[in-house]
Structures are given as structure tokens and as C-alpha cells.
Amino acid sequence: MIVSVKEILTKAKEGGYAVGAFNTVNLETTRAIVEAAKELRSPVIIQVTEKTMEYGGGRGIFHLIKNDAEFYAPEIPIGIHLDHGKSFELIERCAEIGFESVMYDGSRKKYEDNLAMTKKVVDFCHSRDIDVQGELGSVPYLGESGMEVVDWDEYMTDPAQAEDFVKKTGIDALAVAIGNAHGFFKERSVPDYARLEMISKSISIPLVLHGASDWEHDRVKEVVSRGISCFNVDTATRLAFVNSLVKAVREQNEIS
């Protein structure tokens, strides 16, 4: 059953656990996410990126997820979410399509600009009963130009700034940067657990972690225990899909 992402994350925060938010690009990935949630009797968030919106036609990928979730798992709480929306126009489009949860990612902007634009998105979305996730600090991407050595301190979320950001924007969830990064890095920094705990204590809304698909279970458990309520997964799912496909092709003696 389709429920609001805010409802899912509020329960997760209150219960001291985290819910997985998995990116999808097609029917096969969507079905895998739904079946896994059904098997584990777990709530789940299924999300799409801006590129997937372009590839899947926006309305098409949204209804694919909605129909699959409602038909195959009517008893499981499932939320649909836009991941890393970077323009107001995309947010407007998602609202028109029927999304009830979006992320506005202004993390690469100056703080004042990020705050102002996020507030604009919140005002627009809340008037339409749409939840908004913001991002403060910045989660770097594998392969970014000039990124041979990562200065992790440059990307970290400032706890005091986070409190101000949440208060002034009115967002429903906050994506944080504590040493996490999109993609599989050969060398990972040690997560700044103390920073995460400070952020968690300073604000009351659920915290979201992006860019940690390849983290060991111990790290995942640690960040959840210190306040993470939503754990995003994209790269790991894509690799599992590709690796399984390659394995199947190699094991097939003859392909007609």
C-alpha cells in the first residue's frame, strides 16, 4: 500500500530503526524491491532520480512503481520519492504527476542560497501535502573532476547550521554528510559518528544517509544507533543487477 514517506520515517525515528530507500530505473528493479520488502515484512521507500524521470517519462515510472506496489504488496507500507531533485521546475512536475515526497538538493549552493531555495520548495510542496527532504553539507560523487584526494572536512554537515537550516526551511527530513559519498570509493573515510550524534540531538526531524551502499554492516548499525532513520541504496542495487545479468549470460551455453 502506498503511504507517505513522512509517516514511514516518523515511525522509524520513533522506533530507533532505519528504513531502506532504494532507487529504481525499471520494472525489474521495482519488482525486486517490492518482493524483498514483502518477504521481510518491512516498510520501504522506492525512489527515482532526475535522470530516471527523463528516461522513464516521469509519469510512466511513477505509475509503474505505484501499480506494482499496490498489486503485489497491498499490506506493506511503501513510499514513492524523488531523489536529488535539483530544480524547482522538476519539483513542480513531480507535484503535477502525483509524487507525495520529494528531495530538493541545493547542497552545492552557498548556504544562504540553499536555504532560500529549499524554503521556496517547502512552501510550494507543503501547500500540496508533499513532504520535502533537504540536504546540508554535501555528499561527493565518485569521479568528480579534480577529486583524486577528497578533503572530507569540506563536505561535512555543520551541526549548528543544520539546526538553523531545519528551523528556517521547515523541511520534513534532512540528508547529512558525515564522510559518506556516492559510488564505491576505494578508500573511505571513517564516518564522523560524533558529528552525526550532535546533528541528531540538535534537530527533531528524521535524518537520511546517502552514499553508503558499500558500507560494512557495523558502520550501518552504528549510524542507525546515532540517529539515521533512512538509508539510501542505489549503486549496490545497480551492481547486483549487472553482475547477475553477466553471470547468467556466461552460464548460458547458447544464446539464441
Next item on the list: Kindly indicate whether any position in segment 53-65 is over 20 Å from residue 104 (Cβ atoms) and touching a Lys or Arg at 6+ places or on another chain (Cβ under 8 Å).
Entry: no
Notebook entry, point to check: How many residues are at pLDDT 80 or above and out of contact with any helix residue (DSSP H, G or I) (no Cβ under 9 Å at 6 or more places or on another chain) if we restrict to segment 179-196?
Noted result: 1
Item checked: Members of segment 239-252 that are in contact with a helix residue (DSSP H, G or I) (Cβ under 9 Å, 6 or more places away or on another chain) and either buried (at least 18 other Cβ atoms within 10 Å of the Cβ) or without any contact (Cβ under 8 Å) to a residue 40 or more places away in the chain (or both) -> 240
Notebook entry, point to check: Filtering segment 61-75 down to residues that are assigned to a loop (DSSP other than H, G, I, E, B) and not acidic (Asp, Glu), which residue is surrounded by the most Cβ atoms within 10 Å (Cβ to Cβ)?
Noted result: 73
Check: Of all residues in segment 83-104, which are among the acidic types (Asp, Glu) and under 18 Å from residue 45 (Cα atoms)?
Finding: 83, 100
Check: Which one is nearest to the chain's Cα centre (by Cα), of the residues in segment 117-176 that are modelled with pLDDT of 95 or more, small (Gly, Ala, Ser) and not in a helix (DSSP H, G or I)?
Finding: 175
Check: Based on what the data block shows, is residue 200 modelled with pLDDT of 95 or more, among the polar types (S, T, N, Q) and within 24 Å of residue 42 (Cβ to Cβ)?
Finding: yes
Item checked: Test set (1) assigned to a helix (DSSP H, G or I); (2) over 16 Å from residue 162 (Cβ atoms); (3) aliphatic (A, V, I, L, M) - residue 212 fails condition number -> (1)
Next item on the list: May I ask you to verify whether residue 19 is within 29 Å of residue 92 (Cβ to Cβ), in contact with a Cys (Cβ under 6 Å, 6 or more places away or on another chain) and β-branched (Val, Ile, Thr)?
Entry: yes
Next item on the list: Would you point out which residue out of 51, 13 is without any contact (Cβ under 8 Å) to a residue 60 or more places away in the chain and more than 12 Å from the chain's Cα centre (by Cα)?
Entry: 51
Check: When residues of segment 214-227 are filtered for being in contact with a helix residue (DSSP H, G or I) (Cβ under 7 Å, 6 or more places away or on another chain) and surrounded by 16 or more Cβ atoms within 10 Å (Cβ to Cβ), how many remain?
Finding: 3
Checklist line | Total residues in segment 114-128, condition basic (Lys, Arg) and closer than 17 Å to residue 162 by Cβ | finding: 1
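Could you list, in sequence order, all residues of segment 87-116 that are assigned to a helix (DSSP H, G or I), over 21 Å from residue 61 (Cα atoms) and not charged (D, E, K, R)?
In the first step, residues of segment 87-116 are kept if they are assigned to a helix (DSSP H, G or I); the result is 88-97, 111-116.
Those left that are additionally over 21 Å from residue 61 (Cα atoms): 111-116.
Matches in segment 87-116: 111, 114, 115, 116.
The values are calculated or read from the model by the stated rules, or taken from the named source; none is laboratory data. Since the model is a prediction, treat every value here as computed from it, not as a measurement. Don't worry about glycine lacking a Cβ; one is built from the backbone with ideal geometry, like all the others, and counts go over all protein chains shown.
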